[in-house]
Amino acid sequence: MPIPPLVIFGPSGVGKGTLINRLLKEFPNAFGFSVSHTTRTPRPGEIDGKHYHFTNTDNFKFLISQGAFIEHAQFSGNFYGTSAQAVQDVTATGKRCILDIEVQGVQQIKQTPLHAIVVFVSPPSMTALSQRLRGRATDSEDAIQRRLAIARREIDYARQPGSVDYVIVNDDLDAAYQKFKRIANGELDATVDQMPPLDD
Ligand code: ADP
Ligand code: 5GP
């Protein structure tokens, strides 16, 4: 049986990409990133084929019609999806596949036979989340507001019993990374952190 993929999910700006990049850097032979398709515009520094397969809406819809995606969703006005090929590209190398997807995708992946392990990355507070989104300086104020509104729905989902396998509160980055690393390496078998109240 192939090693189950690891799905990282959590509000935009919480630090998912930061944690994943660190893991891929430390263990380049053990983990590989599932490169999603998106219709969103690339941010400065993002590389087509590495961070995402950047595409347009017509092509994305064509790929849906071809059954190319194991999950796909609309997020903040754009399409995002994981192709079967993206996961296959990683698993063919014998590495554990890491996916960074939003909540609708998580729900769809859970219906597949992939037996994915789901990790929710929580902010320590909503204030910290909004500071990180602003500090990253990649999104307009309008996009930040939309991402914060979606964040509340994602947090509500993660609070439901049985919705996720692990919770990591990304407060101190090093501490969060140590937990993430142990989960990714299969060294922890219980929920790591409690969900913070996030009522600020
Ligand atoms: P995501 O991939 O979840 O959208 P990013 O990894 O892009 O989030 O992180 C958003 C911003 O928050 C980045 O500027 C990153 O450097 C910063 N960040 C990540 N983790 C922490 C942390 N524990 N404390 C403070 N800032 C953080
Ligand atoms: P961003 O635009 O910040 O890169 O990503 C926005 C959201 O889309 C994040 O929550 C990210 O996890 C999610 N996302 C990225 N790729 C996919 C994908 O292939 N499928 C789904 N469902 N969500 C994705």
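The values are calculated or read from the model by the stated rules, or taken from the named source; none is laboratory data. Here the structure is a predicted model, which is why all the values come from computation and not from measurement. We place every Cβ from the backbone using ideal geometry, glycine too, and count neighbours over all the protein chains shown. Surface areas here come from the heavy atoms of the whole protein model, side chains and all, with no ligands, DNA or RNA. Shrake-Rupley method; radii C 1.70, N 1.55, O 1.52, S 1.80 Å.
Check whether at least one residue in the range 76-86 is open to solvent by 60 Å² or more (accessible area, probe 1.4 Å) and in contact (Cβ under 8 Å) with a residue 40 or more places away in the chain, and report yes or no.
The answer is yes, given that some residue of the range 76-86 is open to solvent by 60 Å² or more (accessible area, probe 1.4 Å) and in contact (Cβ under 8 Å) with a residue 40 or more places away in the chain.
Starting from the range 189-200, keep only residues that are under 18 Å from ALA149 (Cα atoms) and in a loop (DSSP other than H, G, I, E, B), then list their pairs with residues that are open to solvent by 40 Å² or more (accessible area, probe 1.4 Å) and modelled with pLDDT under 85 whose Cβ atoms are within a distance under 8 Å, requiring at least 6 positions of separation or different chains.
Listed by first residue and then by second, the contacts come to nothing, as the list is empty.
Are there any pairs, at least 6 apart or on different chains, whose C-beta atoms fall under 6 Å, with the first in the range 45-72 and of a type in the set (Asp, Glu) and the second open to solvent by 60 Å² or more (accessible area, probe 1.4 Å) and assigned to a helix (DSSP H, G or I), and if so, which?
These pairs meet every condition: GLU71/GLN108.
Could you tell me whether ARG40 is within 10 Å of ligand 2 (Cβ to nearest atom), open to solvent by 10 Å² or more (accessible area, probe 1.4 Å) and not in a strand (DSSP E or B)?
When the stated conditions are applied, ARG40 passes them.
In a helix (DSSP H, G or I), more than 9 Å from ligand 1 (Cβ to nearest atom), of a type outside the set (D, E, K, R) and surrounded by 12 or more Cβ atoms within 10 Å (Cβ to Cβ) - does that describe any residue in the range 10-31?
Yes - at least one qualifying residue is present in the range 10-31.
Taking the range 125-164 as the search range and keeping residues that are outside any helix (DSSP H, G or I) and more than 20 Å from PRO42 (Cβ to Cβ), which one is most open to solvent (accessible area, probe 1.4 Å)?
Per the criteria, the residue is PRO161.
Which count do you get for residues in the range 11-33 that are among the basic types (Lys, Arg) and more than 12 Å from ligand 2 (Cβ to nearest atom)?
2
Quick check: anything in the range 107-128 within 11 Å of ligand 1 (Cβ to nearest atom) and over 24 Å from PHE33 (Cα atoms)?
Yes, that holds for at least one residue.
Could you check how many residues of the range 111-132 are under 15 Å from the mean Cα position of the chain (by Cα), within 12 Å of ligand 2 (Cβ to nearest atom) and not β-branched (Val, Ile, Thr)?
Residues meeting the conditions: 1.
From the residues in the range 92-104 that are over 8 Å from PRO5 (Cβ atoms) and among the β-branched types (Val, Ile, Thr), which one is farthest from the chain's Cα centre (by Cα)?
Filtering first and then ranking leaves THR93.
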